[in-house]
Amino acid sequence: MYDQIDDIRMPSQDYTSTSSQGSHVKEKSRFNLLYKNLEKIEEIFFDEDLVTLEKDILMQLGKIGALQLFHVCLSRTLQTSITTNYSTQLTNNPREAEIDNQVGDVIVRSTKKEERKSRRERSLEKPGKTSAVMPSSKTISNYPRRATGSTVGNLSKSRIRRHNVARNEAEMSIRVKDVAELEKIRTKLEAESGQVASFRRWAEAAGIAEKVLQQRLHYGWFCRDRLLRSTHSLIVYLARNYRGLGISLEDLYQAGKVGVLQGAERFDHMRGYKFSTYVQYWIRKSMSSLVENHSRVIQIPVTLSRRINKIKKARRTLYNVHGRYPDEDEIARFCGLSLAKLRLANQCPSIVGSVDQRIGDNFSPKYMEFTPDTSIETPEEFILRQRMKKDLYELLQGLHSRESQVLVLRYGLWDGQCRSLQEIANIFKCTKEWIRKIEQSALTKLRDEDVNKGLSQYLNLQL
């Protein structure tokens, strides 16, 4: 690049004796040239700030192999712009041109272009060393540091990689949904016909050709396998939270893969979520369901099992905070549960033992030998039940015959089979409402304390 630096000539002694009008014109031109030179100096200092940005652009051009072409185009552009600028400066303002002719212009060649060219060559030869192309220490302290070319390249590559991964995950989830829909059609056909559906019938039910069905199935199975392989590390990471609960890691991995397929069938890439973020919920849900259903000898409902785990965490948290074991009221308030639900959860067995386990040493008796058989009726219970039936029949004899018959049929006092109001109405060939009135009348009579005071001892005894 060529810079125009006007030489300010000092007037000679002979020239000072000329007219005042000529001195005034020369003084004006002198200040005009000084102002232009100051603008050139400011542009020079401003260009120092652009060295870092220029270096980043040149490195990117060097990576794609377009650096030489860029230099050729730049040199042609500069030559054209310089010629145009000088011709414009000489023709646009004739008054200033006359003054410049009187004073005299000196065109010098700047060394800035050679310095920049040498810096570019050194930066391309040694891209790891940025000290040769960085500005001076004063410039660094005055201007904020910018990202280097390698950092910008890495950011762009990572952004492109994330975009490609998201696009591939969306495509694979769509194909997994397609395969799931086709398999549902086959399952429905087999359920209706009761036999294995042929490939031709499967294609007819799906409304597509056999070749298209085969292509969609193969591509969908490929996407399903690819999706399971890509999420294997995530499944392994989440399975660590369920170790030591009675389920092997292989079973946890299988449950996690089932959760991945469930999440893929419900994933919607239009919402802007990442597939790995969305599928974590389904992986955890599948693993937790497996643990809750198969980690215990006695199966507990999933909701109750979650409530038990919530109570355990609350008890541990309150103990760490207060330094003592909390009572039921504190745990219920912390969990947001009622005392009834809390006590029901505490009644569930947490540890299950075997009745064949010995109490002490090898020759000690087993728990089975000391555990009574509740299915066998004891003599005391047999006698007590006979007395209860006798007292009930004596009590029913004090009622009307129709009322006693309705109560015997209604509560199964004769054969142990309870009947509905409609069944009793069919026996007596009357309406259901009439049977209800008879039942209410009989129960009102039996609620008298003088009548039923001798029956309180049979409250906990079953017929």
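Summary of computed values
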{"read-out": "Any hit, the range 434-454, residues being surrounded by 15 or more Cβ atoms within 10 Å (Cβ to Cβ) and of a type in the set (D, E)", "value": "yes"}
{"read-out": "Pair list, Cβ under 7 Å, 6 or more apart: the range 242-264 residue aliphatic (A, V, I, L, M), other residue crowded, with 17+ Cβ neighbours inside 10 Å and assigned to a loop (DSSP other than H, G, I, E, B)", "value": "V260/T231"}
{"read-out": "Hey, R200 basic (K, R) and either closer than 30 Å to K274 by Cα or surrounded by 13 or more Cβ atoms within 10 Å (Cβ to Cβ) (or both) or not", "value": "no"}
{"read-out": "The listed residue being in contact with a Leu (Cβ under 8 Å, 6 or more places away or on another chain), farther than 30 Å from S354 by Cβ and without any contact (Cβ under 8 Å) to a residue 40 or more places away in the chain, out of K389, K445, K432", "value": "K432"}
{"read-out": "Tabulated pairs, the range 213-237, first assigned by TED's automatic domain parsing to the domain that holds A255 and assigned to a helix (DSSP H, G or I), second at pLDDT 90 or above and among the polar types (S, T, N, Q), C-beta under 8 angstrom, 6+ apart or interchain", "value": "L234/Q280"}
{"read-out": "Residue match in the range 302-320 (condition: assigned to a loop (DSSP other than H, G, I, E, B) and out of contact with any Lys or Arg (no Cβ under 6 Å at 6 or more places or on another chain))", "value": "no"}
{"read-out": "Failed criterion for G398 (all others in (1) part of a helix (DSSP H, G or I); (2) in the same structural domain as Q440 (by TED's automatic domain parsing) hold)", "value": "(1)"}
{"read-out": "Members of the range 324-343 found to be touching a residue at least 12 places away in the same chain (Cβ under 8 Å) and either of a type in the set (S, T, Y) or assigned to a helix (DSSP H, G or I) (or both), listed by number", "value": "E328, E330, I331, F334, C335, K341, L342, R343"}
{"read-out": "Filter pass, V321 being closer than 30 Å to R224 by Cβ and without any contact (Cβ under 8 Å) to a residue 40 or more places away in the chain", "value": "no"}
{"read-out": "Check on L290, crowded, with 18+ Cβ neighbours inside 10 Å and free of Cβ contacts under 8 Å to residues at least 60 places away in the same chain", "value": "yes"}
{"read-out": "Tally, over the range 404-463, of residues that are outside any helix (DSSP H, G or I) and either among the basic types (K, R) or within 29 Å of I383 (Cα to Cα) (or both)", "value": "16"}
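To keep it simple, each residue is scored yes or no on (1) within 23 Å of Y278 (Cα to Cα); (2) modelled with pLDDT under 90; (3) not in a helix (DSSP H, G or I); (4) not hydroxyl-bearing (S, T, Y).
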| site | (1), (2), (3), (4) |
| --- | --- |
| A180 | yes, yes, no, yes |
| R186 | no, yes, no, yes |
| L189 | no, yes, no, yes |
| E192 | no, yes, no, yes |
| A205 | no, yes, no, yes |
| A239 | yes, no, no, yes |
| L245 | no, yes, yes, yes |
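The values are calculated or read from the model by the stated rules, or taken from the named source; none is laboratory data. Since we're looking at a predicted model, the values are computed, not measured. With ideal geometry, Cβ positions are generated from the backbone for all residues, glycine too; neighbour counts draw on all protein chains shown.
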